[in-house]
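Q: Following this message is one structure expressed as structure tokens.
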Amino acid sequence: MARIKDITDFMDTICPPETAESWDNPGLITGKRDQKVTSVMLTLDVTSSAISKAVKNGCNLILTHHPLIFGGIDTVSEEDTNGLLLSLMIKNDISCYAAHTNLDKAHEYSNFVLARRLGAVPETIKAIEGVDYGAYYELPSAVTLREYMQTIKEALNSTGTISINSADNAFRKVFVQGGAFEEDYIPQVVESGAELVISGEIKHHVTLLLAHKGILSIIAGHNATERVFMESLKTVLEKQFPDVSFYYDEGYENML
């Protein structure tokens, strides 16, 4: 029977924790590596909804993208949100493992997946030199911003997208970065020839900077642009561990 260690060792292979940012906290958050595992819940965030579904499905492990703990904590009181969530996992003997910026940097399991979901011509997908997160790609043909915003909404099953640019603008070359766009990467994105930047979050002043550089932008939602990472990872893990059941929590309903 598989153990937590088998899952975490595989994750450490495809997205090494040492590649994570210094402020990040990937790895085992709760539990123990020698615990037997029969089922795993994948989720973007550790929420009471995800924990409830994990308990319902008999999951021994929650594999999350965003770590529940960043830096030090001074309480695990159940009157504190994080304390309550930690207590719920511990009481139900559920281990928790996080793969965050180290997963973001593992292009084949993160932004390359997102690019394919958004209609990229596969052979055009590539990382930009000097950019840790994101993917450059080209579409089969030029489309308008109006058309592509609808494509993104449908492809990511999201409630909508936002842009400050005219919807009649046409483009073909795209840079996508799930989660939040890093302003420091603007010079490299400009150099790549990208005509559009898509990210889950882009600060308003950054959309203006991009526009001044002649680059369009679309804000597609942090959750919407990153949950595809976990959906794809579920398929990867199912192939690697056929005797373990994998579930994915995609919602935030019934949160405490």
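Q: Restricting to segment 4-104, compute how many DSSP beta bridges are antiparallel as a %, nearest 5. Show your work: numbers first, answer last.
A: Working: 3 of 11 bridges.
The antiparallel proportion sits near 25 percent.
Q: Now, a different point. Take every Cα pair under 8 Å in the chain that's 6+ residues apart, average their separations, divide by the length, and report that relative contact order as a whole percent.
A: 21 percent
Q: Long-range amide H contacts for Arg3: which residues qualify at under 5 Å (H placed 1.01 Å from N, peptide plane, sequence gap of 5 or more or a different chain)?
A: Amide H neighbours of Arg3, under 5 Å, 5+ apart: Val37.
Q: If we count other beta carbons within 10 Å of each Cβ, what is the order of Thr101, Thr235, Thr124, fewest first?
A: Ascending Cβ contact count within 10 Å gives the list Thr235, Thr124, Thr101.
Q: Over segment 66-212, what is the mean sequence separation of C-alpha contacts under 8 Å (at least six apart), divided by residue count, expressed as relative contact order in percent? Walk me through the intermediate numbers first.
A: Details: 189 pairs, mean separation 25.0, N = 147.
Computed over segment 66-212, the figure is 17 percent.
Q: Mind pulling the per residue volume of the convex hull built on the Cα atoms of the chain? Å³ is fine.
A: 132 Å³
Q: Taking only Cα atoms and a 10 Å spring cutoff, compute GNM fluctuations for the chain and point out the largest among Asn223, Asn57, Asn111.
A: Highest fluctuation of the listed residues: Asn57.
Q: Going by Cα centres, segment 39-70 and segment 148-202 are how many Å apart?
A: Result: 29 Å between the Cα centres.
Q: Let me ask you something else. For the chain, modelled as a Gaussian network with Cα springs under 10 Å, which listed residue fluctuates most, Leu208, Leu103, Leu28?
A: Leu208
Q: Would you kindly derive the ³J(HN,Hα) couplings of segment 232-247 from the backbone phi angles with the Karplus curve 6.51 cos²θ - 1.76 cosθ + 1.60 (θ = phi - 60°), listing them in order in whole Hz, with x for Gly and Pro?
A: 5, 4, 4, 5, 4, 5, 4, 6, 6, 10, x, 8, 10, 8, 10, 10
Q: Next question, about the same structure. With a cut-off of 8 Å between alpha carbons and a minimum separation of six or more residues, what is the relative contact order of segment 136-224 in percent? Intermediate results must be reported in sequence, preceding the final value.
A: Details: 155 pairs, mean separation 29.1, N = 89.
The value is 33 percent.
Q: Counting DSSP beta bridges with both partners in the chain, what percentage is antiparallel, nearest 5?
A: 35 percent
Q: Pairs on different chains or at least eight residues apart, Cα atoms closer than 15 Å: how many lysine pairs in the chain fit?
A: So the count works out to 8.
Q: What is segment 122-197 by shape, rounded, prolate or oblate, if you read a ≥ b ≥ c off the alpha carbon gyration tensor as root eigenvalues and call it rounded for a/c under 1.5, prolate for a/b larger than b/c, and oblate otherwise?
A: Because a/c hits 1.5 or more and a/b exceeds b/c, segment 122-197 counts as prolate.
Q: May I ask you to sort Asp93, Asp6, Asp243 by Cβ crowding, counting other Cβ atoms within 10 Å and putting the fewest first? Working shown, then result.
A: Values: Asp93 12, Asp6 16, Asp243 8.
Lowest to highest Cβ neighbour count: Asp243, Asp93, Asp6.
Q: Now, a different point. Of the candidates Gly58, Gly160, Gly71, which one comes out as most mobile in a Gaussian network treatment of the chain with C-alpha springs shorter than 10 Å?
A: Per the Cα network of the chain with a 10 Å cutoff, Gly71 tops the list.
Q: Are there any trypsin sites (Lys or Arg not before Pro) in segment 155-230 that are in a DSSP loop and have at most 16 other Cβ atoms within 10 Å? List them by number. Don't jump to the answer; show the numbers that get you there.
A: Values: sites: Arg172, Lys173, Lys203, Lys213, Arg227; in loops: Lys203, Lys213.
Those that pass, being in a loop and sparsely packed, are Lys203, Lys213.
Q: Using the alpha carbons of segment 4-104, what is the convex hull volume per residue in cubic angstrom, as a whole number? Working shown, then result.
A: Numbers: hull volume 9.0 nm³, N = 101.
Roughly 90 Å³ of hull volume per residue.
Throughout, read-outs are computed from the coordinates displayed, never taken from laboratory work. Computed from a predicted structure; not experimentally measured. Heads up, the Cβs are rebuilt from the backbone with ideal geometry, glycines too, and the neighbour counts pull from every protein chain shown.
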